[in-house]
1. Using the eigenvalues of the Cα gyration tensor, what equivalent ellipsoid semi-axes result for the stretch 197-322 when each is taken as the square root of five times the eigenvalue, whole Å, largest first?
2. For the stretch 90-207, with only Lys/Arg (+1) and Asp/Glu (-1) charged at the beta-carbon, what is the dipole magnitude about the Cα centre, in debye rounded to 20?
3. Can you give me the relative contact order of the chain as a percent, contacts being Cα pairs under 8 Å and 6 or more apart?
4. With a 1.4 Å probe and every protein chain kept in, tell me what percent of the accessible surface of the stretch 47-188 is carbon plus sulfur.
5. If you bin the C-alpha pair distances of the stretch 264-322 every 5 Å from 0, what whole percents do you get?
6. Along its principal axes, what span do the Cα atoms of the chain show, with the longest given first and each in whole Å?
7. Non-local amide H neighbours of HIS273 (under 5 Å, H modeled in plane, Pro and chain starts lacking H): which ones?
8. Given charges of +1 on the Cβ of Lys and Arg and -1 on the Cβ of Asp and Glu, with all other atoms neutral, how large is the dipole of the chain about its Cα centre, in debye to the nearest 20?
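The values are calculated or read from the model by the stated rules, or taken from the named source; none is laboratory data. Nothing here was measured: the structure is a model prediction, and the numbers come from that model. Here Cβ is always computed from backbone atoms with ideal geometry, including for glycine, and neighbour counts include all displayed protein chains. Only protein heavy atoms, including side chains, enter the accessible area calculation; ligands, DNA and RNA are left aside. Shrake-Rupley method; radii C 1.70, N 1.55, O 1.52, S 1.80 Å.
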Amino acid sequence: MTVPVHPQAQQILDGKAASGAPPTWEQTPAQARAGFAATRELIGAGPAVASARDIVIPGRTGPIPARVYTPVAAASGIVVYFHGGGWVIGSVDDWDACCRALSAASGCRLVSVDYRLAPEHRFPAAADDAYDALTWAAGAAQLTGAGPLIVAGDSAGGNLAAVCAQRARDSGAPDLVLQVLIYPVTDHDLDRPSYRSFSGNEFIVNRRDMEWFWNHYVPSVSDRDDPSASPLRAASLSGLPPAYIVTTEHDPLRDEGFAYADRLRAARVPVQHRHYGSQIHGFFTLVNVLDDADRAVTDAGAAIRAAAGGAVRGSDKVTQEA
């Protein structure tokens, strides 16, 4: 039986409905980006860290802006984080509170990457920037002795994290101790049951939103089969780093998150899978607002801390959260 939406998350959905804002798929990218300002204001400031500084990473096709968070406690590793937003929306400013919280919870230095957005920069621009940032961070870890490397992201950022893990495996570098995939986009199939269940405009992300995102990022449907766009379509998932995966019940991306976790396990990759039965897509970002977001970030931080310390865990079961 499906668990109802958590009351705190329902308040977010009620506020969305009351705002009268048009659906994302009826907006221009510029309008959708501007609309995130209200969410950023709702979230407020993240926890204090020892430092947060903006840098520029040298990418193969140009500079990549990023923000580096150093926790108050000594950093035991580096997390390279990619924000969500369907490859069209989002920035390091929009994800500042979430990234501060994850850096503090993990005890790791965190690099939040401002990869290029579509439609100005279409596939594979975001994936290329993500991998360039990851390889740069690997070099920085070696130079500073910051320790193990973890790749992470939510939604479209989870897609980029999964793609980076596959590229790292295929090229032999960099070495990753963990991939953290928060309700990741893993496939372009919009006919899965979870997509059909969320085909209206009630939720933060709905089926037509995802269609809009895909049309901006990968307008050529044939290109969407490329594992750098749809990592679930890779021929093999063997040899990938251990995964920590978060899914939510009230989310069109739910089924592809489960499918990716299942394929990783079948490929003998250690997987921790946390499923939030009363939560909605986007909840992880809403620290300070949703109790489950604070808990989920804390738990993800603990998994990162354990991986950075050399502990690898996996399970054949999904951990069901209320």
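1. Working: eigenvalues 122, 95, 31 Å².
After scaling each eigenvalue by five and taking roots: 25, 22, 12 Å.
2. Numbers: 9 positive and 15 negative charges, 49 e Å.
Charge dipole, the stretch 90-207, about its Cα centre: 240 debye, nearest 20.
3. Contact order relative to length: 19 percent.
4. Numbers: 2360 of 4300 Å².
Percent of accessible area from carbon and sulfur atoms in the stretch 47-188: 55.
5. Per 5 Å bin, starting at 0, the Cα pair percentages come out as 4, 17, 23, 23, 19, 13, 2, 0.
6. Extents along the principal axes: 50, 43, 41 Å.
7. Answer set, sorted by chain and number: ILE245, THR319.
8. Computed charge dipole of the chain: roughly 680 debye.
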